[in-house]
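Q: Dropping the structure in here first, questions after.
The values are calculated or read from the model by the stated rules, or taken from the named source; none is laboratory data. Note that the structure is a prediction, hence the values are computed from the model and not measured. Glycine gets a Cβ as well: all are built from the backbone with ideal geometry, and neighbour counts include every protein chain shown. Calculation scope for accessible area: heavy atoms of the full protein, side chains included, ligands and nucleic acids excluded. Shrake-Rupley method; radii C 1.70, N 1.55, O 1.52, S 1.80 Å.
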Amino acid sequence: MDDLAGPAADLRALPPSIGPVRLVAVDGHAGSGKSTLATRLAVALGGAPVLRLDDLATHEELFGWTDRLRAQVLEPLSRGEAARYAPYDWVERGFGPVRVLEPAPVVLVEGVGAGRRALRPSLAALWWMDLDRSLSRERGRRRDGPGLSAFWDGWTLAEDRHFAADPSRPHAGTLVRQLPVGYALSPGPGSASHGCPGSGGPVSPAQAHGDGASVTR
C-alpha cells in the first residue's frame, strides 16, 4: 500500500473548496521537493490533476500570475467546468499549446506561492514542504547546473520579496519533511484553518526522490 494513501483519503474526505473541486496547494521554497511530492500525492489520489505554477509564471512575471490563474483555472473550476490554460515555455520564452485541467474531486496546485493570499480562499488544504531556504536553493542550483546560475540569482531575490510580503508557511495546515526514505507529515501553523490531513498518526515513509526538474524550482 502507498504510504500516502492515508493522507490522500483524508484529502478526498474534505468538503469541496471551489465548485466541486478540493483544491490542494503544495508550496515551499524553490528546490525543496514540491514537484516530487505533488507527483506522488497525485498517484495516491488515483491520478489527480496537477497544475504546475511553472506553467503560469514567466521570465517577466515570476509571481505575477494570479490574474491568469484566476481567469484560466479558478473561474472555470468554480463552475464545475474544465480549465484551459496555455503553459509557458521557459526555453522559447512564450506560451505554448492549450492544456485542459478537468474539475476532478481533488486538484493539486504545486509551486512557489501556491499558498499565497489570493488563492487561500479557494483552497481545501495547504501543504508546505518544510526544507530550509538555504538547503532548498543549494539543491535547486545543484540540480539545474551552472548554466542557470544567473536565473537563480534573480529568482532568489524575487522569492524573498514574495514571501516577505505574502508568506505561505504560517497558513499551512500540513508541514512535510523529506526523510532519507519517505516523508514525515505534521500539523502546520495554520492547521486550525486548513486542516492537516494525514498528520495525526505516526510518521509514514513514502519513497522519495529529488525534486523534479524545473527552472523555477
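Q: State, to one decimal in nm, how far the label point of A82 lies from the label point of R177, with both points 7 Å from Cα in the Cβ direction.
A: 4.3 nm
Q: Would you give the gap between the C-alpha center of the stretch 1-41 and the C-alpha center of the stretch 112-185, rounded to a whole Å?
A: 15 Å
Q: Using the Cα gyration tensor of the stretch 46-134, with a ≥ b ≥ c the square roots of its eigenvalues, what is the shape: rounded (a/c below 1.5), prolate (a/b larger than b/c) or oblate (neither)?
A: On the way: a/c = 1.55, a/b = 1.03, b/c = 1.51.
Note, shape of the stretch 46-134 comes out oblate.
Q: Separation between the V91 and A71 pseudo-spin-labels, each 7 Å from Cα along Cα→Cβ, expressed in nm?
A: Placing both labels 7 Å along Cα→Cβ, they lie 2.8 nm apart.
Q: Using r as the Cβ-Cβ distance of S186 and E61, and R0 as 41 Å, what FRET efficiency do you calculate, to the nearest 0.05?
A: Values: r = 33 Å, r/R0 = 0.81.
The computed FRET efficiency comes out at 0.80.
Q: Something else now. Using protein chains only and a probe of 1.4 angstrom, how many square angstrom of F95 are accessible, to the nearest 10?
A: 100 Å²
Q: Can you give the relative contact order of the chain as a percent, counting alpha carbon pairs under 8 Å and 6+ residues apart? Intermediate results must be reported in sequence, preceding the final value.
A: Details: 447 pairs, mean separation 62.8, N = 217.
Result for the chain is 29 percent.
Q: Could you work out the mean projected area of the convex hull around the alpha carbons of the chain, in square nanometres to one decimal?
A: 11.0 nm²
Q: Can you compute the label reach from R12? Point 7 Å from Cα along the Cβ direction, backbone N cut-off under 16 Å, restricted to the stretch 86-110.
A: Under 16 Å, as judged by backbone N against the label point of R12, lie 104-108 of the stretch 86-110.
Q: On to the next question. So what's the back-of-envelope 222 nm ellipticity for the chain, counting only DSSP H runs of four-plus at -39500 (n - 2.57) apiece and dividing by all residues, rounded to 500? If you can, show how the numbers build up before the last one.
A: Numbers: 6 runs with 56 residues, N = 217.
It lands at -7500 deg cm²/dmol.
Q: With +1 on the Cβ of every Lys and Arg and -1 on the Cβ of every Asp and Glu, and nothing else charged, how large is the dipole of the chain about its Cα centre, in debye rounded to the nearest 20?
A: 200 debye
Q: Ok, one more. When the chain is fully extended, how far beyond the present Cα-Cα distance does D160 get from L135, taking 0.36 nm per residue of separation?
A: 7.6 nm
Q: For the stretch 77-134, what % of the accessible area comes from carbon and sulfur atoms, probe 1.4 Å?
A: Solvent-exposed carbon and sulfur of the stretch 77-134 make up 48 percent of the total.
Q: Averaged per residue, what accessible area in Å² does the chain show with a 1.4 Å probe, protein chains only?
A: Normalised by residue count, the accessible surface of the chain is 43 Å².
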